[in-house]
1. Considering only DSSP states other than H, G, I, E and B, which GluC sites (Glu not before Pro) in chain A qualify as loop sites with at most 13 other Cβ atoms within 10 Å?
2. Round to a whole number: what % of the accessible area of the protein assembly as shown belongs to carbon and sulfur, probe 1.4 Å?
3. For peptide B:9-20, how many partner chain Cβ atoms fall within 10 Å of a residue's Cβ, on average?
4. For label points placed 7 Å from Cα toward Cβ, what is the shortest-first list of nm distances from B:GLU50 to its copies?
5. Grab the alpha carbons of the protein assembly as shown, take their convex hull, and tell me the volume per residue in Å³.
6. For the stretch A:77-108 and the stretch B:16-80, compute the distance between their C-alpha centroids and round to whole Å.
7. From the label point of A:ARG21, set 7 Å from Cα along Cα→Cβ, how far away are the matching label points in the other copies, in nm, ordered shortest to longest?
8. Using a label position 7 Å from Cα in the Cα→Cβ direction, what is the ascending list of nm distances from D:GLU105 to the same site in the other copies?
4 protein chains.
Amino acid sequence: MEFWELERKLIEFRDARGWKRYHTPKNLAISAAVELGELLEHFQWDSDEEILESVKDPGKEEAIADEIADVIIYLTLLAHELGIDLNEALERKIRKNELKYPAPERPP
Amino acid sequence: MEFWELERKLIEFRDARGWKRYHTPKNLAISAAVELGELLEHFQWDSDEEILESVKDPGKEEAIADEIADVIIYLTLLAHELGIDLNEALERKIRKNELKYPAPERPP
Amino acid sequence: MEFWELERKLIEFRDARGWKRYHTPKNLAISAAVELGELLEHFQWDSDEEILESVKDPGKEEAIADEIADVIIYLTLLAHELGIDLNEALERKIRKNELKYPAPERPP
Amino acid sequence: MEFWELERKLIEFRDARGWKRYHTPKNLAISAAVELGELLEHFQWDSDEEILESVKDPGKEEAIADEIADVIIYLTLLAHELGIDLNEALERKIRKNELKYPAPERPP
């Protein structure tokens, strides 16, 4: 799936339900934060080792995957409202990071 | 760009710099939250109308796009560490949402 | 209640249950973020006017008050682990804000 | 300092600058999330041991204390706007936790 396909699916879903009026920038940004809070809940009391062990359980993996997906869904809807091309934004940010943090000549 | 391409680029970037050891689940989840905080800063005091007006300025649009990209970058790296296929996760979550919130017969 | 009283009550509560080992800085900071996500959920789709109207319902007010309290509880526990005196931290931050944003001579 | 004193100081500060109009529930909740993101930034790449070591440096301790204070400041302002008595909210939440998680007869 490309980012524009994800965006198209989400907008079709939203418009079929008449939810556009709720999708203001602030509401969508708050929604992304709500879902990120739910993602963080999975990492609240476990150590990194326990987390990596726990995702071997397919139910746990799916629960975490759902929360990651929810954050990306709201960020895609937010980008749509702001006229931001997510694919372009990601490619530009990766280029910026390469300039900001040049790779060492030999891999470390 | 497909999600697997984004993932591949990010892992190449990380490995060329020897940063894998910092990429624990908790660190990456915290990093996503840090970047989401920076995204929210753009929406802190403005109304939705002011936000939509402000992104007509290309510099402001790029600043917000960078923060959205950063959150997605850290979530992609987190999914990678947890063995989660982001493309599959998004398609499954969209199907779940369609079952949870059935569309009305006629668009509202 | 003073901040030191809140801190004392929370530490007594924690120690009576043997939970100190879970109270690492990262876990407590993540916990504050989880609870803030739950607080934000109350503001996700409503306008400011609707929010102010909704808290006239005592049940809704208590639900929001609980989430605010939870964030403050985890921040107090975090400050405790880091050896930070919350009362001093708040008084110092208020003084810093007064220097950074001097009040106009006449109230606006 | 009691919670009502903190609240009074913050409201005096705000009113002397004419900032009440920015203090809507959503703006204040977003502001708390922005500051929590800045707090999390201090815990992004360090281990718990490194964090506990780093706060022995007074400058680092003050930087973290400032961010904790900022989150509490915005939550206090949010509680004020919603008519929530923070002291009462905290005492009630502690009582609820005691009922939800009864202490074992003998400390563990």
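The values are calculated or read from the model by the stated rules, or taken from the named source; none is laboratory data. Here the structure is a predicted model, which means the values were calculated and not measured. We place every Cβ from the backbone using ideal geometry, glycine too, and count neighbours over all the protein chains shown. The area values use the complete protein model at the heavy-atom level, side chains included, leaving out ligands, DNA and RNA. Shrake-Rupley method; radii C 1.70, N 1.55, O 1.52, S 1.80 Å.
1. Values: sites: A:GLU2, A:GLU5, A:GLU7, A:GLU12, A:GLU35, A:GLU38, A:GLU41, A:GLU49, A:GLU50, A:GLU53, A:GLU61, A:GLU62, A:GLU67, A:GLU81, A:GLU88, A:GLU91, A:GLU98, A:GLU105; in loops: A:GLU105.
Answer in residue order: A:GLU105.
2. On the way: 10120 of 20160 Å².
Roughly 50 percent of what the probe reaches on the protein assembly as shown is carbon or sulfur.
3. Numbers: counts 4, 3, 0, 2, 5, 0, 3, 8, 7, 4, 3, 1.
Mean inter-chain Cβ contacts per residue within 10 Å come to 3.
4. 2.2, 3.8, 4.3
5. Values: hull volume 73.6 nm³, N = 432.
So the per-residue Cα hull volume is 170 Å³.
6. About 11 Å separates the Cα centre of the stretch A:77-108 from the one of the stretch B:16-80.
7. Here the equivalent label points are 2.7, 5.4, 5.6 nm apart from this one.
8. 6.4, 7.3, 7.3
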